[in-house]
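The values are calculated or read from the model by the stated rules, or taken from the named source; none is laboratory data. What you see is a predicted model, and the numbers here were worked out from it, not measured in a lab. All Cβ positions, even for glycine, are placed from backbone atoms using ideal geometry, and neighbour counts span all protein chains on display. The area values use the complete protein model at the heavy-atom level, side chains included, leaving out ligands, DNA and RNA. Shrake-Rupley method; radii C 1.70, N 1.55, O 1.52, S 1.80 Å.
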Amino acid sequence: MKSYATLNLNGDFRRAYARGKSFADPALVTYALKTRSGVCRMGITVSKKVGCAVERNRCKRVIRAAFRDCCEEITGGWDLVFVARGRTKYLKSTVIRKIMRRQLIQVGAIRGKSENVDMGR
């Protein structure tokens, strides 16, 4: 399993929002910023609009599990910020993984095999 670092600093999140490319889905928004370091860094944000603390924590767990499945395929250094939306709390990690993988292919973090991506939700 390929390791990844987490984004903790507010400046890192702001840089990804300002300079990164964004891809939106009703369940997940991805901000991706190419970096020179060879390390992939990931951060998750969930607004209070999504729900109570239990629901927000479930969203973070589901996104983290989906990212663990996708992170082996990511090439190069990236700062990735995933923003949970209202539908995220109702979906399982396998569905989020398909959405996440499709968005990472669009940004160029994952190469090839775009024909195997399932568009269903």
- Task: Search the structure for amide H atoms under 5 Å from the amide H of CYS40, placed 1.01 Å from N in the peptide plane, and list their residues when 5 or more places away or on another chain.
- Result: ALA5, TRP78
- Query: So what is the 222 nm mean residue ellipticity for the chain from helices alone, if each DSSP H run of at least 4 adds -39500 (n - 2.57) and you divide by all residues, rounding to the nearest 500 deg cm²/dmol?
  - Reply: -11500 deg cm²/dmol
- Task: Would you kindly calculate the translational diffusion coefficient of the chain, applying Stokes-Einstein with the Kirkwood radius from alpha carbon pairs, for 10 °C and a viscosity of 1.306 mPa s, and quote it in µm² s⁻¹ without decimals?
- Result: 111
- Query: With all protein chains present, how much of the accessible area of the chain (probe radius 1.4 Å) comes from carbon and sulfur, to the nearest whole percent?
  - Reply: 48
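Identify the trypsin sites (Lys or Arg not before Pro) of the stretch 1-96 meeting these criteria: DSSP loop state and at most 11 other C-beta atoms within 10 Å of the C-beta.
LYS2, ARG36, LYS48, LYS49, LYS92
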- For the chain, what are the DSSP H helices with axial Cα length of 15 Å or more and mean Kyte-Doolittle hydropathy of at least 0.0? 93-107
- Query: Can you give the FRET efficiency for ARG19 and GLU55, using 1/(1 + (r/R0)^6), R0 = 41 Å, r = Cβ-Cβ distance, to the nearest 0.05?
  - Reply: 0.85
- Item | Environment charge of CYS70, counting only residues whose C-beta is closer than 9 Å and scoring Lys/Arg +1, Asp/Glu -1 | 0
- Task: Using a/c under 1.5 as the rounded threshold, could you call the stretch 9-59 rounded, prolate or oblate? The axes a ≥ b ≥ c are square roots of the C-alpha gyration tensor eigenvalues, and prolate needs a/b larger than b/c, oblate otherwise.
- Result: prolate
- For the chain: relative contact order, % (alpha-carbon pairs under 8 angstrom, 6 or more apart): 30
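Let me check something: with ligands and nucleic acids excluded, how do THR6, THR35, THR30, THR75 order by accessible area (1.4 Å probe), largest to smallest?
Descending accessible area places them as THR6, THR75, THR35, THR30.
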